[in-house]
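Data block below; observations after.
Taken together, the values in this text are just the output of simple stated rules run on the coordinates, not laboratory data. These figures come from a predicted structure and were not determined experimentally. Virtual Cβ from ideal backbone geometry, glycine too; neighbours counted across all protein chains shown.
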Amino acid sequence: MSELIKTALVTGGSRGIGRACAVRLARSGYQIYVTYVSKPGPALETCKIIEESGGTASSFALDIGDHQSIVDFFKEKIKDRVFLSVLVNNAGRTMDGLLVRMGHEQWDQVLRVNLSGSFFCLQQAAKIMMRQKTGRIINIASVTAQSGNPGQANYTSAKAGLIGLTKTAAIELAPRNITVNAVAPGFIETDMTAGLNQEVRDKYLSMIPLKRFGSAEDIAETVAFLTSPGASYITGQVLGVNGGMYM
Ligand code: NAP
């Protein structure tokens, strides 16, 4: 097992926070596996950025809203093929709407991707890391899981669930030397926030004591720290990376 290449798997590593995590973890020396759901181009671009800096990276299509696809992916690409040092459960989506108008699909899709998908990836990774007797799992949650956010009953519920999952998984996996932590970003400049109008952006900015939106690299640095030797005694924690924002 030790001759397998140390690998960090970043779900949704094609763009935004996931890409920044992938690029940063490559600098820490891991082989990088990124997944995407719909856009192969940006995922290939992530790999190109890493390879141009001397790293190794591959991209894979994986819809984390589909349980069987996750099982197949870990069986075919991860188990006995790489040493799974790190899982960053980053892939996520929003489908906003006020709760009284929220349709069943709108609720179900967001829970399925952000919570169930992250759980099934964590479950598959845990089985492999338990045999390895080491591993780091980082779940990308959100400040809104802790504060609530109008129009995001589905998303905030999923991210709050992810925090609960982080704490339970941390306890269950600690005996096998696997740490599980969550990073809760505030407002980060990515495609996910690009569509918000100026009024909404101004409202969020007024709530941020550091008076700037976060960058994907701000999150990636925290994720890299949680995979480092210096973080070996940290588990079950939620690290807010939000410029001091508590809504
Ligand atoms: P983003 O730019 O919209 O990128 C989303 C990523 O997730 C893409 O790689 C996308 O793949 C992938 N993805 C979406 N649905 C998927 C599915 N069903 N299966 C697999 N992959 C899927 O988002 P981001 O802003 O970087 O956010 C990354 C994470 O941080 C998310 O979990 C988000 O909830 C969380 N977060 C973001 C912010 C923020 O302000 N941006 C704040 C708090 C938390 P494709 O490229 O193929 O579409």
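Compute the long axis of helix 153-173 from its Cα atoms, compare it with the longest principal axis of the Cα atoms of the chain, and write down the angle in degrees, 0 to 90, nearest 10.
Around 30 degrees separate the two axes.
Which ordering of LEU173, LEU162, LEU196 is given by a fewest-first count of other beta-carbon atoms within 10 Å?
Fewest-to-most Cβ neighbours within 10 Å comes out as LEU196, LEU173, LEU162.
Projecting each Cα onto the charge dipole of the range 6-241 (Lys/Arg +1, Asp/Glu -1 at the beta carbon, about the Cα centre), which of ILE49, ASN149, GLY164 comes out farthest on the positive side?
GLY164
To test your reading of the geometry: what angle, between 0 and 90 degrees and rounded to tens, separates the Cα axis of helix 216-227 from the longest principal axis of the chain?
Computed tilt is about 40 degrees.
As I understand it, the dipole of the range 6-241 uses +1 on the Cβ of Lys and Arg and -1 on the Cβ of Asp and Glu, about the Cα centre. Which of SER228, ILE138, SER215 lies farthest toward its positive end?
The listed residue farthest towards the positive side: SER228.
List TYR233, TYR30 from most exposed to least, where exposure is judged by having the fewest other Cβ atoms within 10 Å.
Neighbour counts put them in this order, fewest first: TYR233, TYR30.
Consider a paramagnetic label point 7 Å from the Cα of SER147 along Cα→Cβ; state which residues of the range 205-247 have an amide N under 13 Å from it.
Within reach of a label on SER147: 205-214, 240-247.
Once fully extended, how much extra length lies between SER215 and GLU172, figured as 0.36 nm per residue of separation less the alpha-carbon to alpha-carbon distance?
12.2 nm
Taking 0.36 nm per intervening residue step and subtracting the Cα-Cα distance, what contour gain separates MET207 from GLN68 on full extension?
Additional length available on full extension: 45.9 nm.
Assuming 0.890 mPa s and 25 °C, estimate D for the chain with Stokes-Einstein, Rh taken as the Kirkwood radius over Cα pairs, in µm²/s.
136
Quick one: what do you get for the range 10-98 if you divide its Cα Rg by 2.2 N^0.38 Å?
1.08
Could you work out [θ]222 nm for the chain from helices alone, using -39500 (n - 2.57) per DSSP H run of at least four and dividing by all its residues? Round to the nearest 500 deg cm²/dmol.
-13000 deg cm²/dmol
For Cα pairs less than 8 Å apart in space and 6+ apart in sequence, what is the mean separation divided by the residue count of the chain, i.e. the relative contact order in percent?
The normalised contact order for the chain reaches 20 percent.
As a footprinting exposure proxy, order ILE178, ILE78 by other Cβ within 10 Å, with the fewest listed first.
ILE78, ILE178
Under 13 Å from a label point 7 Å along Cα→Cβ of GLU189: give me every residue in the range 210-230 with its amide N that close.
Within reach of a label on GLU189, which here means backbone N under 13 Å from a point 7 Å along Cα→Cβ, the range 210-230 contributes 212-218.
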